[in-house]
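Accompanying notes for the structure given below.
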Amino acid sequence: MSDQKTGSGRTKQPLRVAGRARKSSSAPGAGLSKDDSDAPHTLRSKAVSLRTARGRTTAQQRWLSRQLNDPYVQAAHKQGWRSRAAFKLIELDDRFHLIKPGMRVVDLGAAPGGWTQVIVKRGASRVVGVDLLPVDPVAGADVIEGDFTDPEMAGRLIGMLDGKADLVLSDMAPNTTGHSATDHIRIIGLAEEALHFAFDILAEGGGFVAKVFQGGAERAMLDTLKQAFSLVRHAKPPASRKDSSELYVVATGFRPDRLKKPE
Ligand SMILES: C[S@@+](CC[C@H](N)C(=O)[O-])C[C@H]1O[C@@H](n2cnc3c(N)ncnc32)[C@H](O)[C@@H]1O
């Protein structure tokens, strides 16, 4: 990846994690995921094991070849990010100036921890997160394993944060089914849950970012966002693959007074 000039006085190469990237918990030993969060340093060993399988070009091999030739995967490996997804947050933050030193941030769908690394590196003072998958510890953050949609999870995260949040980020993505309408509805469902959680935990003026897929069902969520935040934008960061319908909603300036009170 080419270096990013942030426009906010930040260094061009935003993070250099000392030493080699750690083994990621989201690098599934059993099979390959299409998920682009797959930790880059595990790919070579996957390639070796796939090469031992004789014969046809499988979808896995095509996926692996794409990963190996992806400049973001290579840059993540070199710079010590746990995922290529880290660059998406870097790009979103460079553009929208979301993370400020001393902030309290919630990271939903954190594994393997690329976004968590970025949040900590950019100066957040308190970072809590959750993922279905275990996440190797990130110094300066507390990430738990669990399902965000569990009824007790929101309360657990609120307890861990011990106060209001300045920023709620959701990079959660369900496993794709291949049926785009179904995938769209599932990811919007997760984003909506994240938004309602954000309503409970965000301080006035706070921000909310969530991954969605283009497809239409996000319109209702956008209406809610526009009501509750001063500014709502869409962004597809350059690191987001062009052939993916993924994009992010970025809402800033939370206005709790504008939320409809229950009757
Ligand atoms: C694209 S990955 C996140 C990548 C991460 N932001 C990073 O930079 O490393 C999406 C994650 O969402 C998680 N996820 C999906 N559904 C979830 C749920 N209901 N609760 C918690 N995590 C979930 C998946 O396990 C997956 O690790």
So in the range 198-215, with the set limited to residues that are open to solvent by 10 Å² or more (accessible area, probe 1.4 Å) and within 14 Å of the ligand (Cβ to nearest atom), which one is nearest to Phe148 (Cα to Cα)? Lys211
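Taking the range 228-237 only, how many residues are assigned to a helix (DSSP H, G or I) and of a type outside the set (A, V, I, L, M, F, W, C)?
Of all residues in the range 228-237, those assigned to a helix (DSSP H, G or I) come to 228.
Keeping just the survivors that are of a type outside the set (A, V, I, L, M, F, W, C) gives none.
Matching residues across the range 228-237 total 0.
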Does the range 109-120 hold any residues that are more than 8 Å from the ligand (Cβ to nearest atom) and either surrounded by fewer than 24 Cβ atoms within 10 Å (Cβ to Cβ) or without any contact (Cβ under 8 Å) to a residue 24 or more places away in the chain (or both), and which are they? Val120
Failed item in (1) more than 12 Å from the ligand (Cβ to nearest atom); (2) open to solvent by 20 Å² or more (accessible area, probe 1.4 Å); (3) in contact (Cβ under 8 Å) with a residue 12 or more places away in the chain, with Lys78 passing the rest: (3)
Determine which member of the set Val135, Val106, Val143 is away from the ligand (no atom under 11 Å from the Cβ) and not charged (D, E, K, R). Val106
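How many of the residues in the range 74-89 are in a helix (DSSP H, G or I) and not hydrophobic (A, V, I, L, M, F, W, C)?
5
Would you confirm whether or not the range 213-227 contains a residue that is part of a strand (DSSP E or B) and either modelled with pLDDT of 95 or more or of a type outside the set (Ser, Thr, Tyr) (or both)? Walk me through it before giving the result.
As a first pass, look at the range 213-227 and keep what is part of a strand (DSSP E or B): 213.
Add one more test, that the residue is either modelled with pLDDT of 95 or more or of a type outside the set (Ser, Thr, Tyr) (or both), and what stays is 213.
The answer is yes, given that some residue of the range 213-227 is part of a strand (DSSP E or B) and either modelled with pLDDT of 95 or more or of a type outside the set (Ser, Thr, Tyr) (or both).
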Test: residue in the range 129-144 that is more than 15 Å from the chain's Cα centre (by Cα), in contact (Cβ under 8 Å) with a residue 40 or more places away in the chain and open to solvent by less than 20 Å² (accessible area, probe 1.4 Å): no
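The values are calculated or read from the model by the stated rules, or taken from the named source; none is laboratory data. This one's a predicted model, so the numbers in the text were calculated from it and none came from an experiment. Counting neighbours? That spans all protein chains shown, and the Cβs are built from the backbone with ideal geometry, glycine included. Ligands, DNA and RNA are stripped out before the accessible areas are found, and what is left, the full protein with its side chains, is counted by its heavy atoms. Shrake-Rupley method; radii C 1.70, N 1.55, O 1.52, S 1.80 Å.
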